[in-house]
Structures are given as C-alpha cells and as structure tokens.
Amino acid sequence: MLGVASLGALTTAVFNRALLAHLAQAGIPAGPAARVIARAGSSPAAGGSTGAGPLVRDAIQQSFAQAMHAGIVAAAIAMLSASVVSYLLVRSHVTHANTG
C-alpha cells in the first residue's frame with residue numbers, strides 16, 4: 001500500500017506542477033491558475049467537468065498525460081529494482097543431486 005500511495009503522491013505532484021507550467025504558458029495569471037488546479041484535482045476524477053475553456057482543458061489533458069507517464073516510469077523502475085534485488089538475494093531451496 002505504501003508503494004501505491006507513493007505513486008499517487010508522485011503523480012499528483014507532477015500533475016500540479018505540469019498544469020501550473022501549462023497554464024503559465026497559456027498566459028493565465030497565478031491566482032486564476034491556482035483555482036483551476038484546485039478544481040482540476042477533484043472534478044475530472046469524479047467524472048465531472050471543470051467548466052473551463054478549450055485552452056484550459058488542453059492544459060489539463062497534457063498535464064494528466066505527463067503525470068501518468070511519470071507514474072508509469074517510476075513504477076517500472078521500482079519493479080525492475082525489485083526483480084534485480086530478488087535475483088541477487090533470493091536463493092533457490094532446490095538442491096540438485098549429483099549424477100555420476
């Protein structure tokens with residue numbers, strides 16, 4: 001459960017940072033951008049709409065894709081690390097008989 005929570009926290013942080021950057025590139029000031037970020041964090045997850053224009057919706061979609069990419073890469077790195085550690089540290093309990 002700690003791994004899932006960590007991936008969720010990472011994905012959320014990347015989403016918020018990317019959305020703020022995309023909104024700044026679109027010329028939206030920091031105050032309204034903060035309100036968009038607050039609404040974007042809850043509405044789409046609940047299946048709702050942010051009520052935002054196409055520019056903001058595009059920024060939300062791009063930020064979501066960027067956040068999911070970061071989460072998937074982090075999960076892949078964690079799985080690869082776990083497999084390497086398992087390969088190096090877990091020994092087989094099967095003994096082979098000497099044939100001779």
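Brief remarks follow.
- Pair list, Cβ under 7 Å, 6 or more apart: the stretch 53-72 residue among the aromatic types (Phe, Trp, Tyr), other residue surrounded by 18 or more Cβ atoms within 10 Å (Cβ to Cβ): Phe64/Phe15
- Long-range neighbours under 8 Å by Cβ, at least six apart or interchain, first residue under 21 Å from Ala76 (Cβ atoms) within the stretch 1-26, second charged (D, E, K, R): none
So that you can scan it fast, the table gives a plain yes or no per residue for (1) assigned to a helix (DSSP H, G or I); (2) in contact with a Leu (Cβ under 9 Å, 6 or more places away or on another chain); (3) modelled with pLDDT of 95 or more:
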| position | (1), (2), (3) |
| --- | --- |
| Ala52 | no, no, no |
| Ala59 | yes, yes, no |
| Ser63 | yes, yes, no |
| Ala70 | yes, yes, yes |
| Ala76 | yes, no, yes |
| Val85 | yes, no, no |
| Thr95 | no, no, no |
| Gly100 | no, no, no |
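- Taken over the stretch 1-15, the criterion of being farther than 11 Å from Ala59 by Cα and either more than 12 Å from the chain's Cα centre (by Cα) or surrounded by 12 or more Cβ atoms within 10 Å (Cβ to Cβ) (or both) is satisfied by Met1, Leu2, Gly3, Ser6, Leu7, Leu10, Thr11, Thr12, Ala13, Val14.
- For the stretch 16-34, filtered to residues that are closer than 20 Å to Met68 by Cβ and of a type in the set (Gly, Ala, Ser), the residue that is farthest from the chain's Cα centre (by Cα) is Ala21.
- Given (1) loosely packed, with under 10 Cβ neighbours inside 10 Å; (2) at pLDDT below 85, index of the condition Ser42 fails: (1)
- Residue match in the stretch 14-35 (condition: at pLDDT 95 or above and of a type in the set (S, T, N, Q)): no
The values are calculated or read from the model by the stated rules, or taken from the named source; none is laboratory data. Computed from a prediction, not measured in an experiment: that's the story for all the values here. Methodologically, a virtual Cβ is constructed for each residue, glycine included, from the backbone with ideal geometry; neighbour enumeration extends over all protein chains shown.
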